[in-house]
Amino acid sequence: MSVRPPGGAEFREDLRLLLPPWLVRQRWFAGKQQQALPTLDQVHVTALGPGHPALFQVTVGCGPGEWYQLLVGVGDMPPGVPTEARIGRGAGPLTGEFDYYEATADPELMGRLLELLAGADGQGPVELRRTPGCVIPLGLTAEVSRAEQSNTSVMFGRTLVLKVLRRLVVGDSPELELLGALHRAEGVRSADLMAWMQLSSDVLGAPVTLAILQEFIPSRGDGWGMAVEQARDWITATPRPDRPGLPFTTESRGLGRATAEVHAALAAQLSTRTPTAAEADDLVASAVARLESALADVPQLRPYEQRLRAIQRDLGEAVRHPGALPVQRVHGDLHLGQALRAESGWVLIDFEGEPGRTPEERRRLHPALRDVASMLRSFDYAAQQAMAAGPATGPSREAQERRAADWVGRNRRAFCAGYTAARGADPERHPAVVRAFEADKAVYEAVYEAHNRPAWLPIPLRAIDRLTASPLAGPTLTGAGRP
Ligand SMILES: Nc1ncnc2c1ncn2[C@@H]1O[C@H](COP(=O)(O)OP(=O)(O)O)[C@@H](O)[C@H]1O
Ligand SMILES: O=P(O)(O)O[C@H]1O[C@H](CO)[C@@H](O[C@H]2O[C@H](CO)[C@@H](O)[C@H](O)[C@H]2O)[C@H](O)[C@H]1O
């Protein structure tokens, strides 16, 4: 049985029909706020090597600048592939013989993709590239990751990780660029880049990174899983013999140190400087523009508009004054889920920046404290998640909220202490900058949650309520504050 060649009108029409209801069920689809099903105005299909089922790379456009990627298996869906991976059955006279399904769920197709990356000689619309001198081991068992994430990662044993990007960014990939810089700095707290797949500039006018193959970092887990678990024990006051109810602060301190080391390496490799007046203006203007677009998008933010604008004005003053903080390339979306606890300490991952931002925004230079603020937000998320998942028994709700605030404050302080000890700028000395970046991040989170995980929207909204209510000095920055 052969599969109809890619690019065929029948193939594209099938996908145009079958994909919208399936897309809206995917965790990575960022259009969940819309009432109607998405309309696919463009569908590009490229065959990735022969075989049955066959493997195709599919890029779909759902509106101006909104591109998503799928890897689609075409043929009979193999046993063992979960039913939710099934996109549907072809409807045309030729394609009606086949199932379309999510190929990342099929270990055999992922093994085939790994072989293609190892050969890395792909020409045409989808280009395959390999880091010079790097040998990719084959024959590894593929398994799609169940991590809470915006893209889809496929693990090849405990050796390699392939991240299949979902919401695509047209232009140079910040992740490839930053991983390259950290590699030149001898792999400071980062994983080795092995290979990547990209759409040639012929398709969307500029190259688009589609997937990134990296070294697998063996670890005890990521910061998110570890922090939520420990926060739950702390908040519910249920220390376990194997996990004394420590408030995670030793780990947070190490994480602060790792973050400062990554910042130093990025500054050394990609430069750092005092911002020009134009850059400082641009930085504030972009924060205000983000706020305005978020206000238009998420009505729940509107009651906070004036206070949020005032916080961004404070940022303007802080970044324009003489001796302001230097700017540099930063991680751009740092949170607890972006850190893996390896035996030797914390390793940072996922340098692509915030999904949904333009490449220019992601590549903009910022004070490194932007990443610090972003991680500080994450301790709040972890405590909120721990409260949501905690047992109904134990301390009263009020007591749990107090304990949660205590846990957050301790970990914020520990993270900042580790960051400063490793020569990062002291967050305590720049409260207006940290608060403005925290507010900016919380506003971004409100948009992200409204689009991707509507049930989580109250978490950033509560933070915005708190940030806009409290004065700058005192507990706002690293203290407990209100839960
Ligand atoms: N190099 C790596 N080694 C081991 N696990 C990894 C590696 N990179 C990512 N992971 C795992 O995959 C998850 C998602 O990766 P990430 O790059 O954060 O994806 P996303 O951008 O979709 O959030 C991480 O939380 C981690 O559990
Ligand atoms: O998928 P990415 O890691 O690139 O980042 C996006 O998704 C994150 C959630 O998966 C989101 O992070 C927010 O939720 C986290 C808990 O799931 C929390 O630790 C973060 O502090 C919070 O910002 C991230 O903002 C988004 O860009």
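Remarks
- Here residue 351 meets each of (1) closer than 26 Å to residue 34 by Cα; (2) assigned to a loop (DSSP other than H, G, I, E, B) with one exception, condition (1).
- Among the residues of the stretch 319-337, those identified as under 17 Å from residue 364 (Cβ atoms) and either modelled with pLDDT of 85 or more or part of a helix (DSSP H, G or I) (or both) are 319, 320, 325, 326, 327, 328, 329, 330, 331, 332, 333, 334.
- Any hit, the stretch 203-226, residues being aromatic (Phe, Trp, Tyr) and farther than 23 Å from residue 102 by Cβ: yes
- For first residues located in the stretch 426-443 and without any contact (Cβ under 8 Å) to a residue 40 or more places away in the chain, partners that are of a type in the set (Asp, Glu) and open to solvent by 20 Å² or more (accessible area, probe 1.4 Å) and lie 6+ apart or on another chain with Cβ distances below 9 Å do not occur.
- Selection within the stretch 120-168 - of a type in the set (Val, Ile, Thr), away from ligand 2 (no atom under 16 Å from the Cβ) and more than 21 Å from residue 205 (Cα to Cα): 131, 135, 136, 141, 159
- The stretch 316-364, subset of a type in the set (Asp, Glu) and within 22 Å of residue 192 (Cα to Cα), residue most open to solvent (accessible area, probe 1.4 Å): 343
- Count of residues meeting criterion [outside any strand (DSSP E or B) and within 20 Å of residue 164 (Cα to Cα)] in the stretch 84-95: 2
- Residues in the stretch 30-41 that are modelled with pLDDT of 90 or more and crowded, with 18+ Cβ neighbours inside 10 Å: 38, 40.
- Failed item in (1) in contact (Cβ under 8 Å) with a residue 12 or more places away in the chain; (2) surrounded by fewer than 16 Cβ atoms within 10 Å (Cβ to Cβ), with residue 86 passing the rest: (2)
- Extreme residue, nearest to residue 263 (Cα to Cα), among residues of the stretch 415-442 that are within 11 Å of ligand 2 (Cβ to nearest atom) and either open to solvent by less than 10 Å² (accessible area, probe 1.4 Å) or not basic (Lys, Arg) (or both): 438
Let's see how each residue does on (1) open to solvent by less than 50 Å² (accessible area, probe 1.4 Å); (2) at pLDDT below 95:
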| position | (1), (2) |
| --- | --- |
| 214 | yes, no |
| 221 | yes, yes |
| 239 | no, yes |
| 257 | no, no |
| 262 | yes, no |
| 268 | no, no |
| 272 | no, yes |
| 277 | no, yes |
| 282 | no, yes |
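- Selection within the stretch 146-188 - open to solvent by less than 50 Å² (accessible area, probe 1.4 Å) and on the phi > 0 side of the Ramachandran plot: 157, 171, 187
- Check on residue 168, within 14 Å of ligand 1 (Cβ to nearest atom) and touching a residue at least 40 places away in the same chain (Cβ under 8 Å): yes
- Those residues of the stretch 368-414 which are surrounded by fewer than 17 Cβ atoms within 10 Å (Cβ to Cβ) and within 12 Å of ligand 2 (Cβ to nearest atom), in sequence order: 388
- Condition met for residue 20 (without any contact (Cβ under 8 Å) to a residue 40 or more places away in the chain and open to solvent by less than 30 Å² (accessible area, probe 1.4 Å)): yes
- Pair list, Cβ under 7 Å, 6 or more apart: the stretch 227-240 residue of a type in the set (Lys, Arg), other residue at pLDDT 80 or above: 232/386; 240/233
The values are calculated or read from the model by the stated rules, or taken from the named source; none is laboratory data. Model, not experiment: these values are computed from the prediction. So basically every Cβ, Gly included, is an ideal-geometry build from the backbone, and we count neighbours across all protein chains shown. Side chains are part of the model used for accessible areas, which takes the heavy atoms of the whole protein and leaves out ligands, DNA and RNA. Shrake-Rupley method; radii C 1.70, N 1.55, O 1.52, S 1.80 Å.
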